[in-house]
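Accompanying notes for the structure given below.
The values are calculated or read from the model by the stated rules, or taken from the named source; none is laboratory data. Bear in mind the structure is a predicted one, so any value in this text is a computation, not a measurement. We place every Cβ from the backbone using ideal geometry, glycine too, and count neighbours over all the protein chains shown.
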């Protein structure tokens, strides 16, 4: 075994001097021998592995000042790397300690580890969160060598990164048992519901609609740090196990594990869950597309076919490449006595934990746990699904297996919608989490008189469409969505519903001249007039001083005052000055932004504009308290002329009382908002009111098209017809 440094930074361990080999680590000597000394029971043998110690330390890594990158946040690059190799290993999994990764700030992107197999190039990415989920371990990688890289932003001279590899698990040989009669009749299979539990080598199976929950044998010792693998490739020519890419590997959530407290035949079960994949973000069910269905009653003992699919070991004449890969066989049900199920289906070591599948109706009736077959027949055996302890665990899930709500998202946020109505938005169901949608999701829209809900229409199996009604041109609109599942749980999009609703505006056309979400530095200048708590362009951190917990538009950054802990605006005013904008050629430009102002009597936020590049300022608005983010809009021509020297500024002032004062600015935009149609009854848009407009309106009314909802109340009735006729009588200007 050896370590080779591939990056020119110091490493605390020289090649081959920091590793020692420990004895093989397994659940217990009793279980690996296949015998229970107290009960005389024969368990499926479980493939063994070795724990190998290591001492690799990147040391604390800082980038020197002359290496730092100025300006915008730089992408992460490798600042340290190391090849870890074990000569006789078919697979490797790393264990880490004392990982320190730089956190994301305004200047620095979050650091992470990139681990790559030198055999097949499969990669895994581990940040602070996923390292915790993976219990400071990596995925399993094929081959005897992996490359570990520490990825960090170059402009991180004030940030600390450090990596320590303290050990690894590597493969060991396996053996065979529990074939019924003299021939191993198993064949290769690819059931997407069945996985392999590593490093112990047991079989597991995904069940139900939750998306993350599994069963296996209790003697497999399910715990945090273990990994469920799907889509396992063939083993090496010598039988060494190979691993799928990290996107097919899922870390076990230790807080979800429930197992039989006393293990014996008929009482050998484990119920647990895994986290979503750290690379794809998908749950096992979302990625695999199918899961086992649990039986609802004990089947009759009539010799019905019992299928066992799992990751058992092999021996000659079965090809070594089949070792610990998915194989399946069907044999007859022999008995169902109490909590013990017996069947004459081929299994071997590594099949422990497989689903006992009633192949006649494709339902799972138990968990395979014990050998019993031999050259003269006999029967293998397992634990009934109807074991009272297992049923109690299923009724009281823990950790990741606890019920989760439907996940859904808005596909696209329109910048503006037609005043005539009819523009559509789509909500996608990203993950049902085992639930189903009841009724129609609702779309709630507020055009100034409160939210009004209308049902959405299904568009395929996982998407729903809602439409905006007709409103006056220039009307700001707020909207959100709600979805109810079969348990009566209602989720909203966005999460906080009306209080965090999406926004748009009804316009005939929109030309955006300047749009700044403050994700990059566009030249805004903070300054103060003697106060403290200056404006800063940051990701809000909610320090508990009435500062915003998030930005307004969801892009991540905004300008806020007093961003540091225990800091607000004190003893005067702080201000934010915009860049210089050339507005020449814009027709009636509108200035929009989101404001945050928290204060008390005497505290204020003022907005001013200038058409003299800041030589003369004109007051626009004074805001005392927004109770959160508030959207505002101002017609620039109402205050200054349209020229090439436009600027705006915002002051936040502490009025002197002993109070918290915090301000924020986000989502700044200057645009031309077109509302030229002064003839709403001109249904065909030809500028003339005649019979053809009446005909077009009646057709739209009959089809209940949104354009026929003339009073915008979401209902098609006499009042809409009356409103249309009144508009028709008014004529076109």
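List of remarks:
- Residue list for the range 172-186, restricted to those being closer than 16 Å to residue 354 by Cβ and either modelled with pLDDT under 50 or buried (at least 18 other Cβ atoms within 10 Å of the Cβ) (or both): 174, 176, 177, 178, 179, 180, 184, 186
- Check on residue 363, surrounded by fewer than 22 Cβ atoms within 10 Å (Cβ to Cβ), touching a residue at least 60 places away in the same chain (Cβ under 8 Å) and either under 37 Å from the mean Cα position of the chain (by Cα) or closer than 20 Å to residue 189 by Cα (or both): yes
- Selection within the range 503-520 - in contact with a strand residue (DSSP E or B) (Cβ under 7 Å, 6 or more places away or on another chain) and either under 20 Å from residue 630 (Cβ atoms) or not in a strand (DSSP E or B) (or both): 503, 504, 505, 506, 507, 508, 515, 516, 517, 518
- The residues on offer are 503, 499, 546, and the sole one that is under 33 Å from the mean Cα position of the chain (by Cα), closer than 27 Å to residue 419 by Cβ and surrounded by 14 or more Cβ atoms within 10 Å (Cβ to Cβ) is 503.
- Single condition residue 347 does not satisfy, out of (1) in a loop (DSSP other than H, G, I, E, B); (2) over 39 Å from the mean Cα position of the chain (by Cα); (3) touching a residue at least 60 places away in the same chain (Cβ under 8 Å): (2)
- Every test in (1) more than 30 Å from residue 49 (Cα to Cα); (2) at pLDDT 95 or above is passed by residue 338 save one, and that test is (2).
- Residue that is nearest to residue 194 (Cα to Cα) [pool: residues in the range 304-323 that are in a loop (DSSP other than H, G, I, E, B) and modelled with pLDDT of 95 or more]: 311
- Residue that is surrounded by the most Cβ atoms within 10 Å (Cβ to Cβ), among those in the range 528-541 that are at pLDDT below 90 and within 14 Å of residue 649 (Cβ to Cβ): 528
- Selected residue (criterion: modelled with the lowest pLDDT) from residues of the range 262-278 that are surrounded by fewer than 24 Cβ atoms within 10 Å (Cβ to Cβ) and in a strand (DSSP E or B): 264
- Residues of the range 699-733 satisfying the condition of being within 43 Å of the chain's Cα centre (by Cα) and either more than 14 Å from residue 469 (Cα to Cα) or assigned to a loop (DSSP other than H, G, I, E, B) (or both): 703, 704, 705, 709, 710, 711, 712, 713, 714, 715, 716
- Condition met for residue 250 (crowded, with 21+ Cβ neighbours inside 10 Å and over 16 Å from the mean Cα position of the chain (by Cα)): no
- Consider the range 671-698 and keep the residues that are in a helix (DSSP H, G or I) and loosely packed, with under 13 Cβ neighbours inside 10 Å. The one that is modelled with the highest pLDDT is 695.
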